[in-house]
């Protein structure tokens, strides 16, 4: 009986910890409008992102930003960042088209297709689109060849995701 209670207690503690994993942006509120400077109509630079509550066994993070409202058959990918060091709690220095940064962080190809970040750019008059900035805590560092896509990263993450969280921003081009 004590073993069952202890296992139940440990599982609750693990689930509680995973629920604390949160991502946010000082540049837009959750479910709020993404400012123009982070879109194709502005400077097209990535917003600042920060997170907390990652599992202690995290070895790296992956960030994927996509738009499920895009008129294409699959979500339109805006940013793929992987091998973000486990010591990081923000992503505010990754910009440009570099494949790899000094800390080991790497960028994949988006749907434009370019390496790095390309901001919201929905078709004019298509309505409000939702941009999902999804952060994954992994128990490994991914070993991938250059010029990877979202699908490559997602496949490599299978079986290695410790926790995930997301923040959603919206944008509409009129």
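The values are calculated or read from the model by the stated rules, or taken from the named source; none is laboratory data. Please read all numbers here as calculations on a predicted model, not as lab measurements. Quick reminder, even Gly has a Cβ in these numbers, built from the backbone with ideal geometry, and neighbours come from all protein chains shown.
Scan the range 1-27 for residues that are out of contact with any helix residue (DSSP H, G or I) (no Cβ under 8 Å at 6 or more places or on another chain) and modelled with pLDDT of 95 or more and jot them down.
Those that are out of contact with any helix residue (DSSP H, G or I) (no Cβ under 8 Å at 6 or more places or on another chain) and modelled with pLDDT of 95 or more: 21, 22, 23, 24, 25, 26.
Of the conditions (1) within 25 Å of residue 29 (Cα to Cα); (2) at pLDDT below 95, residue 103 clears all except one; give me its number.
In the conditions (1) within 25 Å of residue 29 (Cα to Cα); (2) at pLDDT below 95, residue 103 misses (1) alone.
Tell me which residues, restricted to the range 85-95, are more than 24 Å from residue 130 (Cα to Cα) and either surrounded by 22 or more Cβ atoms within 10 Å (Cβ to Cβ) or in contact with a strand residue (DSSP E or B) (Cβ under 9 Å, 6 or more places away or on another chain) (or both).
85, 86, 88, listed by residue number.
Filter the range 102-119 down to the residues that are part of a loop (DSSP other than H, G, I, E, B) and closer than 15 Å to residue 60 by Cβ and list them by number.
Residues satisfying the conditions are 103, 104, 105, 108.
For the range 31-67, which residues satisfy the criterion of being assigned to a loop (DSSP other than H, G, I, E, B), touching a strand residue (DSSP E or B) at 6+ places or on another chain (Cβ under 7 Å) and loosely packed, with under 13 Cβ neighbours inside 10 Å?
31, 57
Out of 151, 118, 92, I need the residue that is within 21 Å of residue 34 (Cβ to Cβ), without any contact (Cβ under 8 Å) to a residue 60 or more places away in the chain and within 14 Å of the chain's Cα centre (by Cα). Which one?
92
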